[in-house]
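Derivation of every value follows stated rules applied to the coordinates shown; laboratory data play no part. Bear in mind that the values here come from a model prediction, so they are computed numbers and not experimental data. FYI the Cβ positions are ideal-geometry reconstructions off the backbone, even for glycines, and counts take in every protein chain you see.
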Amino acid sequence: MSTPLIPLLGRGVVAGAAAGLAAGLFSLFAAEPLMDRAIREEEARAAKEHAHEHAAATAQHHEELFSRSTQHFGLVVTAVVAGIALGVFFALAYALIHRRTPLANPWPRALVLAAAAFLAVALLPALRYPANPPGVGDSATVTDRQEMWLGAVAIGVLGLLLAWQVAVKLAERPVPVRHTAVAVTVVAVLAVLFLLPDNPDAVPVEATLLWDFRVLSIGTQALLWAVFGAVFGALGLRAASRPATAAEPRRETATA
Amino acid sequence: MSLHTASHTASAADATLSTRDWAIAAAAAIVSLIALYAVFLDQGTLVSATGSYLHEFAHDGRHLFGAPCH
């Protein structure tokens, strides 16, 4: 009973850890200076308000549980944990496709699926709710914002599946018909995405800092999925080049 | 090469998932969901002796990945 699931999950975990580590280290050097700056500016704003009113102008980074350097480390850990967890879901989705067409070349398949995952869970949600640097975010609205964000991720995933299914169903039709139908689907998905309520929070951050942070946020996630697709695809090629029974040693390389 | 035509080459045995596969898939999905909840959504539900430890530890990652933060 050769199940394809375990090796695929192993590839997802290894690729997810590698991708998370790459994204975490990249953002540690590229994005942390921005976040530190955003926090200093937030503190300056809070101090100013404090001097004015003296009231409880809830400065959100008031009581610090962790130092900034611990939070820097936490960024890398978070990226690795998220990478592994996303990698598991990727592997499950891959397994569903793989069981129908197990002989397809794993390299392009992994890259295409990783690009699709980036679109669904990173780019589409970010178009509606772009990332905000520290200093933005009202704790009173966080539950609403989480529901909105999860809604955007769900719309991204379902919308991508829908566009893919439209393309599959119209496979026999002329190419212009198929492409137009997919484009209309994408526009409809974007319309639904923008029906979601606006982020209610004020963004009292300098525009260039905000832009740089948002570009880095998208860039980090693009890097994560690019590394993920490449590692997952390469592991698939390696497994395919072996005798059919081979089960690759997975965990050992994951922790290295 | 569309998925359509290629799927004919797969044998029937490959197209069915065993109960064991489903159990493994479900377990992996649940663990991953909990992990994602912990890093991106937790507000002190999972570990909160005196505050939201997980939230603060994952703070920068949440901001960077676009997850809502306080």
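Across the stretch A:84-119, the number of residues qualifying as part of a helix (DSSP H, G or I) and either at the interface with another protein chain (Cβ under 8 Å from one of its Cβ atoms) or closer than 19 Å to A:R242 by Cβ (or both) comes to 15. Between A:R100, A:R109, which is closer than 17 Å to A:R238 by Cα and of a type outside the set (G, A, S)? One residue alone meets the criteria, A:R109. Of everything in the stretch A:60-107 that is β-branched (V, I, T) and under 22 Å from A:A122 (Cα atoms), the residue that is surrounded by the most Cβ atoms within 10 Å (Cβ to Cβ) is A:T78. Only one entry in A:A181, A:A202, A:A239, A:A234 is assigned to a helix (DSSP H, G or I), farther than 28 Å from A:A85 by Cβ and either of a type in the set (A, V, I, L, M, F, W, C) or more than 23 Å from the chain's Cα centre (by Cα) (or both), namely A:A181. Taking the stated definitions as given, is A:A122 closer than 30 Å to A:R40 by Cα and among the small types (G, A, S)? In short, yes.
Residues that are of a type in the set (A, V, I, L, M, F, W, C) and in contact (Cβ under 8 Å) with a residue 12 or more places away in the chain within the stretch A:171-187 comprise A:A181, A:V182, A:V186, listed in sequence order.
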